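Novice: Mind looking over this structure? Questions follow.
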Amino acid sequence: MKNLLDLELKKINQMLKEGVIMPIDLVEEFAKKVVASDLNAFITLNLDEARKQARLLEKKEVDNILFGIPIAVKDNIVLQGVPTTCGSKILENYISVFDATVVKKLKEKNMIIVGKTNMDEFAMGGTGETSYFGPTKNPLNKNFSPGGSSSGSAAAVAGGLTPLALGSDTGGSIREPAAFCGLVGLNPTYGRISRYGLVAFASSLDQIGPMSRNVIENAHLFAAINGPSDDDLNTSSEKPFSVDDITKKEKYRIAIPRFCLTKIINADVVSVFLNCLDKIKAAGHQVDFVEVPFMKYAIPLYQVIALAEASSNLLRFDGIKYGYQTENYQDYDDFVTKTRTAGFGTEVKRRIMVGTYVLSSENVDVYYKKALQVRRELTDEIKAVFQQYDLIMTPATVSTSLILGKKREPNESFLQDLLAIPFSMSGHPSLVMPADKIDNMPIGVQIAGRYYDEKTIYAFALELEALVRGDESV
Amino acid sequence: MAVKKEKIRHVSKLCKIDIEDNLDKYYQEFSIIMESVDKILNVDVDKDMLITPNQSINRFYKNESCQNLKTIDVKKVFGKLEKGYHVFKRWQK
């Protein structure tokens, strides 16, 4: 039987329940597809363990929709006994000694982890090109980037290798690749999902989230991995999200920051976005333009806060505790310097240095403290909008996907995340989903909601998905 | 604020990253990023910084293990993240 992995989860689940197929059939199909693939979506395959697990599942009852489904996991999320490289030379040979909480939760649902996906080095980049293991290609057009930093996770799902994947998002790293590959990606409320076992980049922003082909499958994966965790003090004790919580409302009040129409955003993207809003209005929902002036500071804010936190988090990679070590050195300083110089890529080194610079004693008040104040202003603005509206919508990215191999200015890697960063800064949940295509490349929209209100985002996204499809029964 | 090349060399040493072979390249790229970062320097802000990242206070409120936090002036006590963390840890004991 061919292309099982292209079927909807519901259908696969039914076939597993009826015994028409076995989990091993799904794993073998993945194995065949991944060997034939030239996307460079995976850094490490986990096929032996996946086959072993699939055989064990044959003795178990199919008790949930994710049962036996192959899933790809971004290579900054640890899986016991399997390399975790973060796309970096400095961790090339690091093998994790424990499972991340999300990995444990996937295993509890009897999902099969088939591999670790390629990514921008330490999640720093927006095209997948900063990976030490080479760039990932966009399955929709291999001359283009799938976006980043969760490049491999997006390519795996869009390329039909796995129905689902986990990514991580610090300032758009799930949402941007989802938009570029025509997928659904969620950056949940800060604290919804345990980050225990996620290699830290910027701790006040980092999140793990689901990537999928459609909205409902995204919700199923999110439901499986969210909830409090004793391993991570940052997780919320809010009632965990369940797919049953999704209830449709007759009318949504949707705010559109006027900033979305700024000239920085590509005209095609704006046009698709406005068309999408027309459909939403025609379906009877309230759509109003609002002012969120502090959104325009998103990129400098991110450059200060994320890079400051990164410079601190990446200090641990000194060659003594993990991964790559230089062979020729004279003393401790020389050892660490040579290891870090050879182990990190250019983008990472640049970001570490900028982060260290803004945290230096003469700059900490000028840059870092100021950035925290601006973050507060932006957060309060967004919270004020949510006093009157159920959702905020924006385009997902500034343009469609970018051509691979092009020389880019240092700020270019941040620009695509212009509209994603504000919600990372405020900690609000936001979901990206496809709205249309231009020149056969997808364009996405972003839907943000109140804290812990992913259910409203999903409910509206389901409706929008049908509207985009042209389903008149909505 | 313009960054001097010597400053970048100093920062690279603090980071234990050797950039001597590409100092000019890093200097140019660093300057481009700092030009972007400088946009927040003149922003008018009338609020203090977020005392903990995002919704941490709400989460502390809602966390059953530290309900005592409801009775204090959190903003006053949590002057800075670091200070707040120590308060939190002390109460945990």
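The values are calculated or read from the model by the stated rules, or taken from the named source; none is laboratory data. Remember, it's a predicted structure, so these values are computed and weren't measured experimentally. With ideal geometry, Cβ positions are generated from the backbone for all residues, glycine too; neighbour counts draw on all protein chains shown. For the accessible areas, the whole protein counts, side chains as well, though only heavy atoms, and no ligand, DNA or RNA atoms are used. Shrake-Rupley method; radii C 1.70, N 1.55, O 1.52, S 1.80 Å.
Novice: What does the structure give for A:374-382 when I average, per residue, the other chain Cβ atoms found within 10 Å of the residue Cβ?
Specialist: Mean inter-chain Cβ contacts per residue within 10 Å come to 4.
Novice: Note the count of lysine pairs whose C-alpha atoms are less than 17 angstrom apart in the stretch B:1-41, limited to pairs 8 or more residues apart or on different chains.
Specialist: Summing the qualifying lysine pairs gives 8.
Novice: Using Cα pairs closer than 8 Å and at least 6 residues apart in sequence, work out the relative contact order for chain A, in percent.
Specialist: After rounding, I find 17 percent.
Novice: Then there's this: For chain A, rounded, prolate or oblate, judged on the Cα gyration tensor with a ≥ b ≥ c (square roots of eigenvalues), a/c < 1.5 rounded, else prolate if a/b > b/c?
Specialist: Taking the square roots of the gyration eigenvalues as a ≥ b ≥ c, chain A is oblate.
Novice: Quantify how strongly other chains surround peptide B:16-24 by giving the mean number of their Cβ atoms within 10 Å of each of its Cβ atoms.
Specialist: 5
Novice: Here is a follow-up. Using a Förster distance of 35 angstrom, determine the FRET efficiency expected from the C-beta separation of A:TYR332 and A:VAL364, and round it to 0.05.
Specialist: 0.85
Novice: Now for a different question. Would you work out if the stretch A:76-209 is rounded, prolate or oblate? Take a ≥ b ≥ c from the square roots of the eigenvalues of the alpha-carbon gyration tensor; rounded if a/c is under 1.5, else prolate when a/b is larger than b/c, oblate otherwise.
Specialist: rounded
Novice: Round to a whole number: what % of the accessible area of the protein assembly as shown belongs to carbon and sulfur, probe 1.4 Å?
Specialist: Ligands and nucleic acids excluded, carbon and sulfur give 49 percent.
Novice: Using each residue's phi in the stretch A:299-309, evaluate 6.51 cos²θ - 1.76 cosθ + 1.60 at θ = phi - 60° and report the 3J(HN,Hα) Karplus result to the nearest Hz, with x for Gly and Pro.
Specialist: My calculation for the stretch A:299-309 gives 5, x, 4, 5, 5, 7, 5, 5, 6, 4, 5 Hz in order.
Novice: Also, I was wondering about something else. Extending each Cα 7 Å along its Cβ direction at A:THR262 and A:PHE289, get the distance between those two points in nm, one decimal.
Specialist: 1.5
Novice: Moving on. Using a simple charge model, +1 on the beta-carbon of Lys and Arg, -1 on the beta-carbon of Asp and Glu, nothing else, what dipole does chain A show about its Cα centre, in debye to the nearest 20?
Specialist: Value, rounded to 20: 280 debye.
Novice: Then there's this: What are the ³J(HN,Hα) couplings of the stretch A:369-380, residue after residue, when phi is run through the Karplus curve with 6.51, -1.76, 1.60 and θ = phi - 60°? Round to Hz, x for glycine and proline.
Specialist: 5, 4, 4, 5, 5, 5, 4, 4, 4, 4, 4, 5
Novice: Report the gain in length on full extension from A:GLU58 to A:ARG469: 0.36 nm times residue separation, minus Cα-Cα distance, nm rounded to one decimal.
Specialist: Extending this stretch completely gives an extra 144.3 nm.
Novice: Amide H neighbours of A:ASP436 under 5 Å, counting only residues 5+ apart in sequence or on other chains, H built in-plane at 1.01 Å?
Specialist: A:ILE443
Novice: Out of residues 5 or more away from A:VAL82 or on other chains, whose amide H comes under 5 Å of its own, with H placed 1.01 Å from N in the peptide plane?
Specialist: A:SER96
Novice: Which distance in nm do the two modelled labels at A:VAL20 and A:LYS239 give, with both placed 7 Å along the Cα-to-Cβ direction?
Specialist: 3.6
Novice: Rounded, prolate or oblate: which fits the stretch A:359-474, taking a ≥ b ≥ c as square roots of the Cα gyration tensor eigenvalues, rounded meaning a/c under 1.5, else prolate when a/b beats b/c?
Specialist: Verdict is oblate for the stretch A:359-474.
Novice: For A:GLN388 paired with A:ASN93, estimate the spin-label separation in nm (one decimal), with each label point 7 Å from Cα along the Cα-to-Cβ line.
Specialist: In this crude spin-label approximation the distance works out to 6.1 nm.
Novice: Additional query: Going through the stretch A:303-397, which GluC sites (Glu not before Pro) have at most 16 other Cβ atoms within 10 Å and a DSSP loop state?
Specialist: Those that pass, being in a loop and sparsely packed, are A:GLU327, A:GLU362.
Novice: Give me, ordered by chain and number, the residues 5 or more places off A:ASN214 or on other chains with an amide H under 5 Å from its own placed amide H.
Specialist: A:VAL184
Novice: Related question: Counting only DSSP beta bridges with both residues in the protein assembly as shown, what percent are antiparallel, rounded to the nearest 5?
Specialist: Rounded to the nearest five, the antiparallel share is 65 percent.
Novice: Calculate the FRET efficiency for B:ASP21 and A:SER203 from the Cβ-Cβ distance with a Förster distance of 22 Å, rounded to the nearest 0.05.
Specialist: Here the calculated transfer efficiency is 0.10.
Novice: Report, in listed order, any pair from A:LYS142/A:LYS437; A:LYS11/A:LYS249; A:LYS60/A:LYS105; A:LYS248/A:LYS281; A:LYS74/A:LYS407 with a Cα-Cα distance greater than 21 Å.
Specialist: In this structure, A:LYS11/A:LYS249; A:LYS74/A:LYS407 exceed 21 Å between Cα atoms.
Novice: Further question on the same structure: In square angstrom and rounded to 100, what buried accessible area do you get between chains B and A, total over both, with the probe at 1.4 Å?
Specialist: Using a 1.4 Å probe, the pair buries roughly 4600 Å².
Novice: Okay, moving on. Could you give each residue of the stretch A:431-448 its phi-based ³J(HN,Hα) in whole Hz, using Karplus coefficients 6.51, -1.76, 1.60 with θ = phi - 60°, and x for Gly or Pro?
Specialist: My calculation for the stretch A:431-448 gives 10, 10, 9, x, 10, 5, 10, 10, 6, 6, 10, x, 10, x, 10, 10, 10, 10 Hz in order.
Novice: Looking at the stretch A:29-98, which trypsin sites (Lys or Arg not before Pro) are DSSP coil and have at most 13 other C-beta atoms within 10 Å of their C-beta?
Specialist: Listed in order of number, the matching sites are A:LYS59, A:LYS60.
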